[in-house]
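K.L.:
What follows is a single structure, and I will ask about it in a moment.
The values are calculated or read from the model by the stated rules, or taken from the named source; none is laboratory data. Bear in mind the structure is a predicted one, so any value in this text is a computation, not a measurement. Neighbour counts run over all protein chains shown; Cβ positions are idealised from the backbone, glycine included.
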């Protein structure tokens, strides 16, 4: 079904409820409507596996409202009332079996055995998971860095694919040209999203240059347009890359605005040099991309970004770390107290960089992204572990797709290959398969990394990322028994290649609600461009700034109070008449101290802790005034008999 079709004209899905004259519909099950189970709708979405043994799936059965309250088909409900019955409701902090009532785009009740309102659409979710719609924090659905290479998936096809995969909100990246207006670019992106997006969206804005003008525009975007994150690039030299001083200036300004500093962390200077060297040696294919940006180039940039952010004490967000070395750096700085968020992409959790060496140029080029996917086959497993233990925090997709003909423009030079991979549709399933199905990740953690943490970063929690009374009705009903193989032939996105081709996954969104509207029903997608809303992200998210403010209070520097008189008493100066043995810098010319053992005045010890033999305490002045009488100590003597003077004989006078 085309996303452009009108709601009133859209045909009823083949598995939609069949009306009866009594306004009570019967759900089609395995014995109704010609389908063996709800996962075998290959013409609509995915082609399921053929398991050795039949999968026992919880089938939808006839649901009758008490007193024969009328129910309506999924895609033609006029009441705006939906009730989800008997599902396992999962939030980031708890799981419980409950009903969920939705009215006018909001969740109005969560509890056991809720009454079914008149005219409500009833979804039987027994033995299924009910959790918040996913939030994808890293998409490119309007333009990429390379303005000459138009992206294949725009706000319409991209968000349609997102909904098919269980994601109900995306955060797209605004990319102004260097020297151009940030506000003008933002307005263009926002307009495109409002015209075409099928789900809610927010925007983050890249900062390709730092000046008084750009800082003023950043302030306007933060205070007036609901932008609470800005992205800086440490790579893409001569295009959008910022140097250290520019990064530091941007970080400090972002903190003043109460926003989050996102960073693409790779050393652009080293990459540029490596690219020249590789091309000079005849390496022109996709493998050159990975060779030009090895792991240590990413690791160095991540460490530098964390160091700068630590000095500015600004919340830092590392986009798409692809190596375990980068993840380790993030973990180290978290332990030091830095507020830093790591966002691996779905691609880094499921595929590896060996594809860049494929003999087929087109295949290899389709895996080009930055930072590169790593060759080490263990990296994706290690990144999953880092996501589970909290070293990494949020999973994005980095979705930025092109058709093969666009990528082919870089066939003679790997630096010209359009960079980006898919993932907006597969993100939720990848995390579920690699984490939950593998018995490594709790469902509450799954919800955290795919939805709740992103909502908190956007300062939208619990409006988003939560199943609770008052939250937006962005809800996924996940069928854990759906077995399928990801394929370009059945995906919803527009690109002609899928990097997850052939990957078998368990579980899929059988129903999806976005803003209270059922946009996916029994795996069929029914979306309309322009129905998505622009969502403003408030500044000063407590998710980050509670920690920032605590650190500011703890890290206040204190000046050291000093006196001109040398002392070993940290509480203040002491009587100079009893300070023999204290150290003093060379050339010290203040008052001498009295040596009680020898009965003479001497200079204090040198800075090295010993008497400086070049400094003399000899004085011809003799006693000064009546000091000896007042103090009760022996007067200074003009001569001292030394038994063994250095370099002389005993018995002489000095």
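K.L.:
Can you list residue pairs whose Cβ atoms sit under 7 Å apart, with the first residue in region 490-505 being without any contact (Cβ under 8 Å) to a residue 60 or more places away in the chain and the second being not in a loop (DSSP other than H, G, I, E, B)? Count only pairs 6 or more apart in sequence or on different chains.
P.N.:
502/485
K.L.:
Run down 293, 309 and say which single residue is farther than 23 Å from residue 349 by Cβ and crowded, with 21+ Cβ neighbours inside 10 Å.
P.N.:
309
K.L.:
Further question on the same structure: Test residue 425 against the stated conditions and say whether it is in contact (Cβ under 8 Å) with a residue 12 or more places away in the chain and assigned to a helix (DSSP H, G or I).
P.N.:
Against the criterion (in contact (Cβ under 8 Å) with a residue 12 or more places away in the chain and assigned to a helix (DSSP H, G or I)), residue 425 does not qualify.
K.L.:
Considering 331, 359, which residue is in the same structural domain as residue 283 (by TED's automatic domain parsing), out of contact with any strand residue (DSSP E or B) (no Cβ under 8 Å at 6 or more places or on another chain) and in a loop (DSSP other than H, G, I, E, B)? Break it down into steps so the answer makes sense when it comes.
P.N.:
On the way: 331 fails: in a loop (DSSP other than H, G, I, E, B).
Going through 331, 359 in turn, just one is in the same structural domain as residue 283 (by TED's automatic domain parsing), out of contact with any strand residue (DSSP E or B) (no Cβ under 8 Å at 6 or more places or on another chain) and in a loop (DSSP other than H, G, I, E, B): 359.
K.L.:
Identify all residues within region 133-162 that are part of a loop (DSSP other than H, G, I, E, B), under 22 Å from residue 370 (Cβ atoms) and modelled with pLDDT of 95 or more; write none if there are none.
P.N.:
Within region 133-162, 140, 141, 142, 151, 152, 153, 154 meet the criteria.
K.L.:
Another one. Scan region 551-572 and report the pairs whose first residue is closer than 30 Å to residue 313 by Cα and whose second residue is modelled with pLDDT of 55 or more and assigned to a loop (DSSP other than H, G, I, E, B), with Cβ atoms within less than 8 Å and a gap of 6+ or a chain change.
P.N.:
From region 551-572, the pairs are 551/313; 551/337; 551/339; 552/313; 555/313.
K.L.:
Same structure again: Out of 404, 366, 345, which single residue is assigned by TED's automatic domain parsing to the domain that holds residue 166 and surrounded by fewer than 24 Cβ atoms within 10 Å (Cβ to Cβ)?
P.N.:
It is 404.
K.L.:
Tell me whether region 399-409 contains one or more residues that are in contact with a strand residue (DSSP E or B) (Cβ under 7 Å, 6 or more places away or on another chain) and not in a loop (DSSP other than H, G, I, E, B).
P.N.:
Yes: region 399-409 contains one or more residues that are in contact with a strand residue (DSSP E or B) (Cβ under 7 Å, 6 or more places away or on another chain) and not in a loop (DSSP other than H, G, I, E, B).
K.L.:
So how many residues does region 149-178 have that are more than 24 Å from residue 530 (Cα to Cα), in contact with a helix residue (DSSP H, G or I) (Cβ under 9 Å, 6 or more places away or on another chain) and touching a residue at least 40 places away in the same chain (Cβ under 8 Å)?
P.N.:
Total satisfying the criteria: 1.
K.L.:
Among the residues that make up region 497-510, is at least one of them surrounded by fewer than 23 Cβ atoms within 10 Å (Cβ to Cβ), in contact with a helix residue (DSSP H, G or I) (Cβ under 9 Å, 6 or more places away or on another chain) and on the phi > 0 side of the Ramachandran plot?
P.N.:
Yes - at least one qualifying residue is present in region 497-510.
K.L.:
Quick one: is residue 193 touching a residue at least 24 places away in the same chain (Cβ under 8 Å), on the phi > 0 side of the Ramachandran plot and not in a strand (DSSP E or B)?
P.N.:
No.
K.L.:
Also, I was wondering about something else. Assigned to a helix (DSSP H, G or I) and in contact with a helix residue (DSSP H, G or I) (Cβ under 7 Å, 6 or more places away or on another chain): which single residue out of 432, 461 fits that description?
P.N.:
Just a single option satisfies the conditions, and that option is 432.
K.L.:
Looking only at region 313-323, decide whether some residue is more than 23 Å from residue 135 (Cβ to Cβ), modelled with pLDDT of 95 or more, buried (at least 24 other Cβ atoms within 10 Å of the Cβ) and in the same structural domain as residue 165 (by TED's automatic domain parsing). Lay out the reasoning, then the answer.
P.N.:
Quick first cut of region 313-323, residues more than 23 Å from residue 135 (Cβ to Cβ) only: 313, 323.
Cutting the leftovers down to modelled with pLDDT of 95 or more gives us 313, 323.
Pick out the ones that are also buried (at least 24 other Cβ atoms within 10 Å of the Cβ) and you get 323.
Among the residues that remain, those that are also in the same structural domain as residue 165 (by TED's automatic domain parsing) are: 323.
So far as region 313-323 goes, yes, one or more of its residues are more than 23 Å from residue 135 (Cβ to Cβ), modelled with pLDDT of 95 or more, buried (at least 24 other Cβ atoms within 10 Å of the Cβ) and in the same structural domain as residue 165 (by TED's automatic domain parsing).
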